[in-house]
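Asker: Let me begin by handing over the structure; questions about it come next.
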Amino acid sequence: MTLERHKHTRVTRRRFVTLSGIGTILGASLLSACGRTVPRAPAMQAIERETAVPPTAATSPTSVASPAADTTTDALAKLNYLHTDGPTIRDSQGREVTLTGLNWFGMETETLAPHGLWARKYADMLDQIVQLGYNCLRLPFSNELFDPNLQPNGIDFFLNSDLKGLNGLQIMDKIVVEAGKRGLKIILDQHRPTTDSQSSLWYTSELTTEEWIDQWRTLARRYLGNDAVIGADLHNEPSGDATWGSGDPQTSWPRAAEACANEILKVNPHWLIFVEGVEKIVDKFGNVFDWTWQGGELINARVRPIKLDVPNRLVYSAHDYGPSVYDQGWFNDPKFPENLPAFWDFHWGYLQKQGIAPIFVGEFGGPSVGNDKDGLWQRTLVDYLKTNRMHYTYWAFNANSADTGGILQPDWKSINDAKQALLRTYQGGMIENRAPEVVDTSAVPKVSTHRLPVKALHFDNTAVEWTTILKPELYVMNKTLDPMNLADVELRYWFAPNGEADPSAHVVRIGGTSTKDFGKVLSADQVKAEIVADPNVMYAGNPVLYVRVTFAPGVVAPKRDCVGFGLQVQKRNGGQYYQPSHYSYRDYHWPSEWKRIGLYQAGKLVWGVDPRTYEETEAAKDRALMAQRAKYLTK
């Protein structure tokens with residue numbers, strides 16, 4: 001990655017906020033303490049301890065009704081599954097349908113349950129979705145949802161007593177069945193490999209390609225015969241190294257999507273397959289030709305279309321956001337917002353308008369639908385979807401999406417009337433479900449065997465290139481079910497001295513964190529920080545220093561939770577730093593995984609990539625590209 005690319009790394013909208021004053025349980029204020037990594041609010045922890053019974057692999061808590069499914073070919077054909085017909089989605093009778101729904105997130109986070117259940121009954125929330133006129137739900141999840149040893153939290157079990165004792169997968173069953181009984185169609189969305197962060201590629205060090213495919217195969221079997229569950233959104237927002245058309249098995253998203261989809265269709269040939277775009281178009285020599293939203297880049301589907309073994313099952317999916325998430329160049333075009341339809345046509349709309357396949361905008365949303373720039377974008381997009389009869393699920397039903405807001409207000413009950421009025425102008429009709437209660441509870445996705453016990457999270461919202469003070473916030477995330485002593489843990493934050501190569505020319509202090517209710521905040525007497533030179537290491541042509549962080553005796557990271565602190569680094573002479581030249585710098589708005597923070601245990605690097613290794617890897621990539629170019633020029 002070049003400095004230019006690092007500087008312009010796109011910010012994905014995955015920030016969930018803490019909202020206070022949204023209700024009380026047992027007299028305690030509720031906080032929807034959640035983020036890209038979602039901590040538990042203190043009040044909810046207490047309720048969890050008092051009411052929840054941790055399920056184990058050996059227990060079988062009360063679960064959803066699971067009538068035996070008739071999965072013969074004739075029986076499945078009688079259900080109301082959907083299929084595609086060129087640019088159209090149709091039901092089993094051949095009638096055109098339009099999917100217009102909401103994302104309801106939470107099961108991909110540390111709560112392992114849809115958010116808002118600390119304030120309301122899930123049944124009432126599903127009723128409200130139907131009353132508002134929506135006909136489908138996109139349900140994000142992570143692979144950790146399938147771990148029976150992890151305890152769902154953030155649930156008021158007095159309000160949702162039938163969820164007590166269920167594990168995360170069984171809670172998903174409940175939502176699927178009850179939503180289906182109300183006439184909602186369900187799209188399952190593999191949103192994250194773990195509860196901590198999204199991933200650019202479909203595989204990570206914690207979830208292999210084989211595990212990803214097997215997870216989807218098993219989910220297809222679990223809901224086989226339940227026609228409320230209509231399909232799979234294979235991987236949320238492919239980005240970063242993900243390519244479209246490269247043919248590289250390590251990065252080619254179309255190749256991976258086809259492999260996974262065809263395995264799913266062997267189990268349930270009636271599911272729709274939702275394939276999102278990537279983030280950018282890169283040629284085989286590493287040149288970036290186009291760069292848009294993560295999941296929103298479908299230009300190359302023109303020349304490298306998705307091909308499935310079962311016809312009439314493919315739906316292309318794009319994500320689109322407004323300037324509240326990232327002020328992209330097209331929002332500053334003099335012709336804005338009149339320039340937007342042509343932009344959407346070029347990137348993904350052409351697929352439906354040219355009769356190739358349906359388009360499903362799986363995520364869009366913003367705080368305003370007024371006459372400001374964000375509101376103009378959002379109103380123009382809804383009009384574009386309506387004009388072209390495209391499908392959507394809005395981000396989000398939730399009240400706690402920081403960058404976009406949601407349909408629900410902070411009390412988790414009231415409606416954002418302006419947003420609802422806009423979306424009400426384009427809603428499809430309800431679609432019949434004939435067997436919404438079928439769940440094969442014997443089909444349980446395997447939990448990845450590659451999960452890490454500890455990792456580093458990072459947050460930095462300074463959003464400036466030049467500054468006299470560095471203010472990153474670092475966290476140690478304990479992913480185990482036991483408290484973790486940090487006596488042998490060391491963190492490293494690498495930065496460029498920008499003219500002052502002597503470590504003594506810099507000073508570091510420990511401060512608090514700006515993210516409310518996220519993990520346990522450590523004080524200055526619990527953390528030791530010092531500036532250290534990293535000899536013979538360069539990053540982007542600059543020498544490297546790092547902040548070495550260690551922990552005082554007795555400092556412990558709680559089970560399935562994190563501890564954090566803020567760093568404040570300054571030059572003694574008051575000089576400035578240029579943050580884009582710093583290896584560990586990333587302008588990001590919520591604590592999340594960042595592999596450019598090193599985490600060492602007993603002197604061994606167990607998380608992250610150090611600058612030397614990164615530079616060596618990038619140099620190897622550059623040499624390979626140069627060899628390709630030389631080979632091409634000699635032809």
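Asker: Pairs, please: C-beta under 8 Å, at least 6 apart or cross-chain, first residue under 21 Å from residue 381 (Cα atoms) and in region 411-424, second among the basic types (Lys, Arg) and open to solvent by 30 Å² or more (accessible area, probe 1.4 Å)?
Answerer: 422/379
Asker: In this structure, does residue 339 turn out to be at pLDDT 95 or above and within 11 Å of residue 377 (Cα to Cα)?
Answerer: Yes; evaluated as a whole, the condition is true for this residue.
Asker: Return yes when residue 594 is under 22 Å from residue 512 (Cα atoms), modelled with pLDDT under 95 and among the aromatic types (Phe, Trp, Tyr) and no when it is not.
Answerer: Answer is no for this residue.
Asker: Still on this structure, I have one more. Within region 189-210, is there a residue that is buried (at least 20 other Cβ atoms within 10 Å of the Cβ), in contact with a Phe, Trp or Tyr (Cβ under 7 Å, 6 or more places away or on another chain) and either among the β-branched types (Val, Ile, Thr) or in a helix (DSSP H, G or I) (or both)?
Answerer: No, region 189-210 has no match at all.
Asker: Let me ask something else. Is one or more of the residues making up region 490-512 basic (Lys, Arg), open to solvent by less than 30 Å² (accessible area, probe 1.4 Å) and in contact with an Asp or Glu (Cβ under 9 Å, 6 or more places away or on another chain)?
Answerer: no
Asker: Among the numbered criteria (1) farther than 30 Å from residue 518 by Cβ; (2) touching an Asp or Glu at 6+ places or on another chain (Cβ under 9 Å); (3) modelled with pLDDT of 95 or more, which one does residue 131 miss?
Answerer: Residue 131 satisfies all of (1) farther than 30 Å from residue 518 by Cβ; (2) touching an Asp or Glu at 6+ places or on another chain (Cβ under 9 Å); (3) modelled with pLDDT of 95 or more except (2).
Asker: Given 443, 456, which one is buried (at least 19 other Cβ atoms within 10 Å of the Cβ) and either in contact (Cβ under 8 Å) with a residue 24 or more places away in the chain or farther than 20 Å from residue 205 by Cα (or both)?
Answerer: Details: 443 fails: buried (at least 19 other Cβ atoms within 10 Å of the Cβ).
Among 443, 456, only 456 is buried (at least 19 other Cβ atoms within 10 Å of the Cβ) and either in contact (Cβ under 8 Å) with a residue 24 or more places away in the chain or farther than 20 Å from residue 205 by Cα (or both).
Asker: What tally of residues in region 554-587 results from selecting those that are assigned to a loop (DSSP other than H, G, I, E, B) and open to solvent by less than 10 Å² (accessible area, probe 1.4 Å)?
Answerer: So the count comes out to 4.
Asker: Filter region 500-515 for residues that are in a strand (DSSP E or B) and modelled with pLDDT of 95 or more; which is nearest to residue 541 (Cα to Cα)?
Answerer: So the residue we want is 506.
Asker: Ok, one more. Criterion first (in contact with a helix residue (DSSP H, G or I) (Cβ under 8 Å, 6 or more places away or on another chain), open to solvent by 10 Å² or more (accessible area, probe 1.4 Å) and either among the charged types (D, E, K, R) or in a loop (DSSP other than H, G, I, E, B) (or both)) does residue 148 satisfy it?
Answerer: In short, yes.
Asker: Hey, another quick one. May I ask you to say which residue of 327, 345, 320 is of a type in the set (Asp, Glu) and more than 30 Å from residue 408 (Cβ to Cβ)? Even if it seems obvious, please write down each step before you answer.
Answerer: Values: 327 fails: more than 30 Å from residue 408 (Cβ to Cβ); 320 fails: more than 30 Å from residue 408 (Cβ to Cβ).
One residue alone meets the criteria, 345.
Asker: What are the pairs with Cβ atoms under 8 angstrom where one residue, in region 536-549, is farther than 14 Å from residue 618 by Cβ and the other, located anywhere, is open to solvent by 60 Å² or more (accessible area, probe 1.4 Å)? Sequence gap at least six, or different chains.
Answerer: Going by the 8 Å Cβ cut-off, the qualifying pairs are 543/501; 544/538; 545/501; 547/530; 548/530; 549/528.
Asker: Continuing with this model, one more query. Of all residues in region 261-292, which are assigned to a loop (DSSP other than H, G, I, E, B), out of contact with any helix residue (DSSP H, G or I) (no Cβ under 7 Å at 6 or more places or on another chain) and either among the hydroxyl-bearing types (Ser, Thr, Tyr) or touching a residue at least 40 places away in the same chain (Cβ under 8 Å) (or both)?
Answerer: 269, 279
Asker: Take region 567-620 and flag every residue that is under 21 Å from residue 199 (Cα atoms), without any contact (Cβ under 8 Å) to a residue 60 or more places away in the chain and among the charged types (D, E, K, R).
Answerer: Of everything in region 567-620, just one residue is under 21 Å from residue 199 (Cα atoms), without any contact (Cβ under 8 Å) to a residue 60 or more places away in the chain and among the charged types (D, E, K, R), namely 595.
Asker: Residue by residue through region 465-482, note down the ones that are touching an Asp or Glu at 6+ places or on another chain (Cβ under 9 Å) and either within 16 Å of residue 455 (Cβ to Cβ) or open to solvent by less than 40 Å² (accessible area, probe 1.4 Å) (or both). Write out each step before concluding.
Answerer: Here is the first cut: in region 465-482, the residues touching an Asp or Glu at 6+ places or on another chain (Cβ under 9 Å) are 470-473, 477-479.
Correct list: 470, 472, 473, 477, 478, 479.
The values are calculated or read from the model by the stated rules, or taken from the named source; none is laboratory data. Please read these numbers as outputs of a predicted model, since none were measured by experiment. Every residue, glycine as well, gets a Cβ built from its backbone with ideal geometry; the counts of neighbours run over all protein chains shown. In case anyone asks, the SASA skips ligands and DNA or RNA and just uses the protein heavy atoms, side chains included. Shrake-Rupley method; radii C 1.70, N 1.55, O 1.52, S 1.80 Å.
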